[in-house]
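Taking it in order: structure first as structure tokens, then the write-up.
The values are calculated or read from the model by the stated rules, or taken from the named source; none is laboratory data. Keep in mind that what you see is a predicted model, and the values were worked out from it rather than measured. Cβ sites come from the backbone with ideal geometry, for glycine too, and all protein chains shown count toward neighbours.
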Amino acid sequence: MTKDASLTLQIDRSLHDEFMEAAEAANQSPSKVLLGLMQDYLLQQKMAPDYLAFLQKKADIARGELTAGESFSG
């Protein structure tokens, strides 16, 4: 990955210190931890529309079964 951009954050000092300690305890650089979090976030955002479409399809099927009298209560 080419490093051609930087990110500056203004955060609470206690959050900064706690994050730095946690990264160090995990033997990770803070940069690597943040990069991993950013990548995970982007993956979640890319998957969200597919998951919502999956849920919508399930709801539509259930509504159709209910309308057709094919559902039952347990």
Filtering segment 39-74 for residues that are modelled with pLDDT of 90 or more and of a type in the set (Asp, Glu) leaves a count of 2
Reported set for segment 23-74 where residues are farther than 30 Å from SER6 by Cα and either touching a strand residue (DSSP E or B) at 6+ places or on another chain (Cβ under 8 Å) or small (Gly, Ala, Ser) (or both) is ALA53, ALA59, ALA62, GLY64, ALA68, GLY69, SER71, SER73, GLY74
message: So for segment 11-18 (the condition being of a type in the set (Gly, Ala, Ser) and surrounded by 10 or more Cβ atoms within 10 Å (Cβ to Cβ)), does at least one residue qualify?
response: no
| said: Condition check: assigned to a helix (DSSP H, G or I) and out of contact with any Leu (no Cβ under 8 Å at 6 or more places or on another chain). Does LYS58 satisfy that? | reply: yes
Apart from one, (1) loosely packed, with under 10 Cβ neighbours inside 10 Å; (2) assigned to a helix (DSSP H, G or I) all hold for GLY64; the odd one out is (1)
Of the residues in segment 14-38, those that are outside any helix (DSSP H, G or I) and either small (Gly, Ala, Ser) or modelled with pLDDT under 95 (or both) come to ALA26, SER29
